[in-house]
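One structure is given below, encoded as structure tokens.
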Amino acid sequence: MPVAWADLRFRRASDRRWLAGATLLVVFVTASYWRESISLQLVPDPRMNQQLETAQAALAEGRLSAGDGSGARELFESVLATDPDQMLAREGLVQVRTAAIQRAESALRSHRLSDARKHLDLAQSLSAPAVQLQPLRARLRDLDNASANTAGLLAQAAAPGTSDEAALALLEQVLQVDADNRVALEGRDELLASVIRRAEKLLAAGDVEQASRLVAQVMQADPAHVDLPAVRAQLGELQALEQRDHASEFARAQSDQRAGRLDSAARRYQRLAVSSGDSIQLRQALHSLAARAALEAERNAADFNFKRAEAWLAKARSWSAQAPEIAAAEQRLKQARLSQRKLPVAISRRDRERLPALLADASEAMQRGDFITPPGASAWDKLRIATAIAPGAVQVRHLQLEFARRSRECFEQSMTAGHLRRAQSCLEASLAQDPVAPGAADAQQRIAERWLAYADERIGASDYPEAEKAIGFARRWQPSHPGLGSAATRLRRARGGTR
């Protein structure tokens with residue numbers, strides 16, 4: 001019994017040794033078989049890495065495919081030929097396919113049909129999804145159909161008797177549907193070169209304006225034309241010189257204007273308008289001259305020198321016919337003519353002796369600010385008597401103009417300072433002399449609105465008597481003001497609320 005057990009134990013130990021040896025043999029054979037593949041996975045081939053980097057660089061540079069094998073597609077496929085399981089190479093081909101579709105879309109938008117067709121073929125060869133390719137193929141077919149008449153358009157552009165402008169328009173029609181059309185590109189380049197040569201001749205003759213139009217035409221058609229930089233540089237130099245001459249002439253015109261040489265200033269401004277084109281600056285300058293001329297017309301009308309007044313008005317109209325000062329001067333001229341008809345044949349000796357004192361009193365009253373009050377001693381009362389005695393006297397006319405100027409200044413200053421009663425008195429004086437003077441309606445509206453604002457303030461302070469006076473003043477100056485009714489209603493309600 002013990003011997004049998006020992007034998008059994010020996011046989012089992014022997015079996016285990018045999019099984020272990022067999023297992024080791026299988027592992028050795030398997031490791032030997034896969035040794036090369038595992039080593040490649042654990043330690044990639046440096047040449048393959050370099051080829052992948054070269055392929056990625058080609059893709060980044062936009063070289064998607066090339067017949068000499070330097071394109072990204074060919075380089076990635078070369079890696080896969082060595083190692084079909086190389087994932088980076090497979091992903092690279094997907095990136096090439098995506099880039100080809102993007103290039104095709106861009107080419108279709110630019111109507112570069114040959115480029116679009118090439119990139120679509122590349123994407124299709126890389127198994128691009130039909131859902132991406134079909135819309136692009138349809139767009140390409142539409143453009144191909146639209147470009148079917150390009151031969152006729154090209155023949156028409158090259159036909160004898162076709163002007164350069166018409167030929168350019170026809171070539172642009174071709175390029176709109178086939179931007180890569182070699183014949184159209186060459187024809188346009190030749191025509192634009194001819195336009196540039198014409199522009200250069202115009203620049204040599206000093207015609208900067210017309211040359212500028214031609215250069216702009218070329219820039220619109222082909223901003224990258226090879227001949228453009230040179231002619232644009234020449235044009236820029238002449239334009240800069242022209243601008244300096246313009247600025248110098250404008251400065252001389254301004255100097256003439258400041259010195260009172262209005263005719264000379266006007267001639268310079270008008271020459272600039274002809275040579276350089278109309279501008280806001282020139283219109284404003286001529287407007288200021290027209291205003292000065294209208295003022296001279298008023299001064300001469302005040303002295304009953306109607307011939308000179310008419311001459312100044314004619315100049316003002318020729319310089320800036322829309323200047324509002326012209327209408328005011330025309331009104332003054334009419335008034336002066338009416339006043340002349342009413343002049344007495346002769347002035348009595350006693351009245352002539354009174355005139356200097358009346359004028360002096362009127363001037364002193366204006367100095368004090370007594371334009372219309374107190375009655376009998378105001379500048380208006382003194383001036384009215386002087387006007388009745390000698391309405392055509394130069395001194396009287398000058399004092400009337402001074403009265404009008406000072407009363408307007410008094411009104412503006414008082415409005416700014418918020419002295420409404422004083423402003424009202426000054427406005428009354430100004431309107432007493434000339435009820436239809438320029439700006440009279442605007443002044444009445446302004447003071448009415450200020451009185452209404454003051455009334456609203458007094459209502460808020462419960463000063464109802466003063467508010468009522470303010471509303472009355474506003475109604476006097478502008479009876480139809482839309483704010484009168486609401487102001488009266490507020491006052492009535494405020495008073496009712498205190499009872």
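A few comments on the model shown:
- R0 of 41 Å, Cβ-Cβ distance Arg405-Arg213: FRET efficiency to nearest 0.05: 0.25
- Rounded to the nearest Hz, the phi-derived 3J(HN,Hα) couplings of the range 79-94 under the Karplus curve 6.51 cos²θ - 1.76 cosθ + 1.60 (θ = phi - 60°) are 5, 5, 5, 7, 9, x, 9, 6, 5, 4, 5, 5, 4, x, 5, 5, where x marks glycine and proline.
- What the phi angles of the range 385-402 give under the Karplus curve with 6.51, -1.76 and 1.60, with θ = phi - 60°, is a coupling list of 5, 4, 5, 5, 6, 9, x, x, 5, 4, 4, 5, 4, 4, 5, 5, 5, 5 Hz, glycine and proline written as x.
- Karplus 3J(HN,Hα) series, Hz, for the range 316-324 with 6.51 cos²θ - 1.76 cosθ + 1.60 (x for Gly, Pro): 4, 5, 6, 8, 7, 4, 8, 4, x
- At an R0 of 51 angstrom, the distance between the Cβ atoms of Glu428 and Ser264 translates into a FRET efficiency of 0.75.
- Sorted peptide list for 484-495, 112-123, criterion being average Cβ within 10 angstrom, highest first: 112-123, 484-495
- In a fully extended conformation the segment linking Ala453 and Asp85 would gain 123.6 nm over its present Cα-Cα distance, using 0.36 nm per residue.
- Protection proxy ranking of 65-75, 420-430, by the mean of other Cβ atoms within 10 Å over each peptide's residues and highest first, is 420-430, 65-75.
Read the figures in this text as sums done on the coordinates, not as results from a lab. Given the structure is predicted, the values throughout are model-derived calculations rather than measurements. Glycine gets a Cβ as well: all are built from the backbone with ideal geometry, and neighbour counts include every protein chain shown.
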